[in-house]
Amino acid sequence: MSGDRILFRPMFSATWRQLKDFSGLGDATYLWPRWLVLRGVGLLFVVIFTGIIQESASLVGPRGLAPLPGLIAQLQAAAPGPVEAFLRAPTLFWFNASPGMVRLLEWAGLVSALALVLNLWPRMALFVCWAILLSFANGWVVFSDPQIDWLMLETTLISIPFAPSGYRPGLGVHSPPRPIASFMMRWLLFRVMFENGLSKLIHADPRWYDLTILDDFYERAPCPTFLGYLDHQLPHFWHVGEIGLTYLAELIAPLVAVFGGRRGRWWAFACWTIFQIGIQATCNFGWLNTAAIALGLLLLDDQMLSDATRFLRLRRLVPRLTAPGAIQTAPVIGPWRRPGLRFALGTHFYLTVVYFIVLSCKVPENAFMETVNRPLRYLFQGFGSVNAYGLFAWLSEAHEVVEFTGSNDGGQTWRAYDYRYFPQRDDRIPPFLAPRFPRFEAALQIELSTRDKPTTLYALTAIRLLERSAEVTRLFERDPFPDRAVQMIRLQVYRLTFTDLATYRATRRFWHRRYVGEYLPMKYLTPAGEIREASTTFDQLYVQAAYGNPAAQNHLGFLYVSGEEGVTQDGAAAAKWFRLAADQGVAGAQFNLALIYANGNGVPKDSIQAAHWCRLAAEQGLADAQVRLGVMYIQGEGVPKQEIEALVWFRVAALSGQANAAKHQAIVESRVGPTAAFAAGQRSSVIFAEIEARKKRLRN
């Protein structure tokens with residue numbers, strides 16, 4: 001037994017030494033990695049607050065999708081009291097949710113981000129950035145991505161004690177990171193790396209196991225780039241290799257970083273960075289991957305950077321990297337601040353371990369948090385300080401998009417509101433966006449992917465478009481109705497699948513689009529300016545007919561005549577809608593109106609009106625009307641009895657391909673003789689040619 005102890009003692013000692021080194025308790029210094037990480041965080045906040053400034057008026061402004069005071073009122077109504085409400089959703093907008101407050105905070109956030117980039121009072125700059133992003137994330141909820149924003153919030157909060165003190169600290173030589181702060185930053189990095197990989201093993205889509213999930217991963221990504229489209233075309237063995245890289249970066253690399261020493265951390269850093277760059281280039285996941293790359297710099301230390309500059313023979317950089325290399329002692333802080341810092345970071349560590357257990361052991365989160373963690377749940381959960389990371393353990397079954405299409409002519413023509421960035425048109429692939437994050441389009445995709453928990457975002461968007469809100473219309477690429485106000489909005493779901501390269505080369509189309517169905521009932525504007533919902537097909541048809549759509553009017557008249565689709569038969573209503581369509585030249589409506597007058601269905605019987613409308617339909621080329629008009633001439637119904645005229649229309653109908661016309665033609669020809677039949681044939685040929693010419697003009 002003593003021999004075994006002697007054998008394992010050096011191994012245990014080496015492992016413990018590497019673990020201490022990873023935890024910031026070794027002899028390394030971290031001034032340059034810290035400087036680089038904080039500049040990266042600052043640049044990301046510049047991107048974040050620039051995006052908020054661009055979109056906030058459209059999202060939560062007075063004429064935006066969801067005005068902020070209303071959202072705050074909903075949060076307040078959902079909590080039993082003001083303290084509980086604040087702890088559930090801490091935000092500065094509790095004090096004031098006016099547009100002025102929104103502008104103040106977003107610009108203050110941008111100024112603080114720039115200060116962080118310029119290394120001016122970094123701790124205060126980090127705190128302000130965190131507090132303002134937290135205020136927006138909790139205030140507008142639906143426009144905050146649960147992974148992207150909360151990763152940034154946790155990173156920022158942990159970075160505050162990690163950052164150097166002072167107004168202009170430079171490299172922070174006199175304020176090196178304390179070991180506990182360095183450990184918490186690296187622990188965050190480990191969790192981001194390892195939890196994402198672990199979730200793919202524990203909560204995974206079965207396709208992660210059979211190595212097929214990346215065969216169509218890029219097709220189903222929310223915002224794939226052109227490189228993602230090309231990656232999709234590669235063979236299966238390539239995607240198996242990508243799965244191997246995923247497991248390598250998210251499962252093996254974090255363990256090697258912890259126990260592999262500096263060489264292991266160099267290897268883990270390279271593997272992690274390549275992996276994140278690949279995702280960024282193909283999938284456009286906002287600033288998520290950029291933040292992950294920035295966090296990856298925490299794997300390095302000053303000595304590693306100094307060795308790298310020597311290896312690369314960058315002689316000018318060597319003195320700058322080696323000058324601060326002497327071990328610095330963290331300055332003494334006040335007697336109350338040290339235990340306060342230890343308590344705060346220790347509590348954070350405890351909560352992250354809880355979340356790690358929940359993720360890795362499949363413990364029901366709510367039950368676990370209630371029994372083990374209840375005293376701290378409300379105190380910390382709303383502050384974005386503790387999160388679990390498990391991206392893309394499951395993927396949606398298909399890439400679907402809801403398209404907003406509107407009409408300003410009663411539904412005769414429909415025009416689409418094109419998204420600026422996310423997939424929609426079959427001939428366009430999203431541009432390279434990251435690290436930018438279009439919140440509006442991302443929020444729509446999130447709602448679509450969680451249909452079991454729908455919000456009102458799509459309905460609100462349709463309503464604002466009908467209201468001609470300039471702020472909301474600006475969220476789309478252009479206003480498709482600059483000529484006349486939109487009357488109705490449809491929300492239709494399409495399923496998108498990538499084309500192959502041969503199809504792309506031939507058609508320049510990236511996507512196949514297949515109609516799935518309606519996402520929500522059509523919204524429309526009444527003549528009085530009220531916004532209503534057409535919840536059934538009949539309602540939609542009625543609205544379009546009321547706006548003067550002749551095809552809808554004709555269809556509606558048919559339903560009233562036939563009683564189909566649950567519509568009560570009503571001859572008078574049918575005559576009304578047929579007449580409106582007939583006046584606009586719809587041949588089918590003219591013929592149907594002729595039949596109504598001929599039969600006296602809901603209107604007084606009137607053979608003259610019947611013949612009038614039947615002739616109009618026949619002259620437009622409707623073969624059934626041509627036969628019926630011939631019969632009217634035979635019987636003298638609303639027109640004089642004229643067998644020759646009847647023969648003319650029977651022959652026109654026969655030329656149009658009407659099945660029964662030839663029989664009628666033969667009967668009449670046998671009675672009028674060959675000379676009259678020849679003359680009728682000449683006239684019918686002229687009439688048929690005129691009808692075909694008119695049809696051609698209309699088509700062109």
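Residue count for segment 464-495 under the criterion of being small (Gly, Ala, Ser) and closer than 13 Å to residue 415 by Cα: the result is 1. Restricted to helices (runs of 4 or more DSSP H) entirely inside segment 236-311, those with at least 3 residues that are within 26 Å of residue 20 (Cα to Cα) and of a type outside the set (A, V, I, L, M, F, W, C) are 261-283, 302-311. Among the residues of segment 466-496, the ones that are hydroxyl-bearing (Ser, Thr, Tyr) and exposed (fewer than 15 other Cβ atoms within 10 Å of the Cβ) come to 0 in all. If you go through segment 87-102 and keep only what is closer than 30 Å to residue 458 by Cβ and touching a residue at least 24 places away in the same chain (Cβ under 8 Å), you end up with 88, 89, 90, 91, 92, 93, 97, 98, 99, 102.
Here is a check on your reading of the model: is residue 556 in a helix (DSSP H, G or I) and within 29 Å of residue 494 (Cα to Cα)? Against the criterion (in a helix (DSSP H, G or I) and within 29 Å of residue 494 (Cα to Cα)), residue 556 qualifies. You will find that of 210, 231, 205, the residue that is closer than 29 Å to residue 429 by Cβ and over 24 Å from the mean Cα position of the chain (by Cα) is 210 and no other. Count of segment 98-127 residues, restricted to those that are crowded, with 21+ Cβ neighbours inside 10 Å and either aliphatic (A, V, I, L, M) or not in a helix (DSSP H, G or I) (or both), is 7. Note on segment 462-488: residues that are part of a strand (DSSP E or B) and under 18 Å from residue 530 (Cα atoms) total 1. With respect to (1) under 21 Å from residue 185 (Cα atoms); (2) of a type in the set (A, V, I, L, M); (3) buried (at least 22 other Cβ atoms within 10 Å of the Cβ), the lone exception for residue 28 is condition (3).
Matching residues to (1) farther than 24 Å from residue 540 by Cα; (2) out of contact with any His (no Cβ under 7 Å at 6 or more places or on another chain); (3) not assigned by TED's automatic domain parsing to the domain that holds residue 408:
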residue	(1), (2), (3)
493	no, yes, no
499	yes, no, no
502	yes, yes, no
506	yes, yes, no
518	no, yes, no
527	no, yes, no
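Within segment 196-232, being at pLDDT below 95 and either of a type in the set (Gly, Ala, Ser) or at positive phi (or both) holds for 197, 199, 204, 211, 221.
So which residues in segment 127-163 are among the polar types (S, T, N, Q) and within 22 Å of the chain's Cα centre (by Cα), if there are any at all? Listed by number, the residues that qualify are 138, 144, 147. Criterion applied to 689, 623, 677, 661 was being surrounded by 17 or more Cβ atoms within 10 Å (Cβ to Cβ) and either basic (Lys, Arg) or modelled with pLDDT of 85 or more (or both), and the one residue passing it is 623. Among the residues making up segment 269-292, those that are aliphatic (A, V, I, L, M) and either touching a strand residue (DSSP E or B) at 6+ places or on another chain (Cβ under 8 Å) or touching a residue at least 60 places away in the same chain (Cβ under 8 Å) (or both) are 281, 288, 291, 292. The set of residues from segment 220-257 being closer than 17 Å to residue 186 by Cβ, in contact (Cβ under 8 Å) with a residue 60 or more places away in the chain and either basic (Lys, Arg) or surrounded by fewer than 21 Cβ atoms within 10 Å (Cβ to Cβ) (or both) comprises just one member, 255. Of the residues making up segment 410-448, those that are closer than 30 Å to residue 545 by Cα and in a loop (DSSP other than H, G, I, E, B) are 410, 411, 412, 413, 414, 417, 418, 424, 425. Checked against (1) among the hydroxyl-bearing types (Ser, Thr, Tyr); (2) farther than 19 Å from residue 42 by Cβ; (3) at pLDDT 90 or above, residue 167 passes all but a single condition, namely (2).
Looking only at segment 571-619, filter to residues that are small (Gly, Ala, Ser) and outside any helix (DSSP H, G or I); which one of those is nearest to the chain's Cα centre (by Cα)? Restricting to residues being small (Gly, Ala, Ser) and outside any helix (DSSP H, G or I), the top hit is 585. Listed by first and then second residue, the pairs linking a residue in segment 381-405 that is on the phi > 0 side of the Ramachandran plot to a residue that is surrounded by fewer than 19 Cβ atoms within 10 Å (Cβ to Cβ) and acidic (Asp, Glu), with Cβ atoms under 9 Å apart and 6 or more places separating them unless they lie on different chains, are 392/205.
For segment 131-166, the set of residues classified as touching a residue at least 40 places away in the same chain (Cβ under 8 Å), within 17 Å of residue 184 (Cβ to Cβ) and in a helix (DSSP H, G or I) consists of 150, 151, 152, 153, 154, 155, 156, 157, 158, 159, 161, 162, listed by residue number. Could we say that residue 36 is over 16 Å from residue 112 (Cα atoms), of a type in the set (A, V, I, L, M, F, W, C) and part of a helix (DSSP H, G or I) here? The answer is yes for residue 36.
Scanning segment 476-502 for residues that are over 18 Å from residue 427 (Cα atoms) and among the aromatic types (Phe, Trp, Tyr) returns a single hit, 481.
Residues in segment 660-700 that are free of Cβ contacts under 8 Å to residues at least 60 places away in the same chain and basic (Lys, Arg): 663, 671, 683, 696, 697, 699.
The values are calculated or read from the model by the stated rules, or taken from the named source; none is laboratory data. Since we're looking at a predicted model, the values are computed, not measured. Using ideal geometry, Cβ is built from the backbone for each residue, glycine included, and neighbour counts are taken over all protein chains shown.
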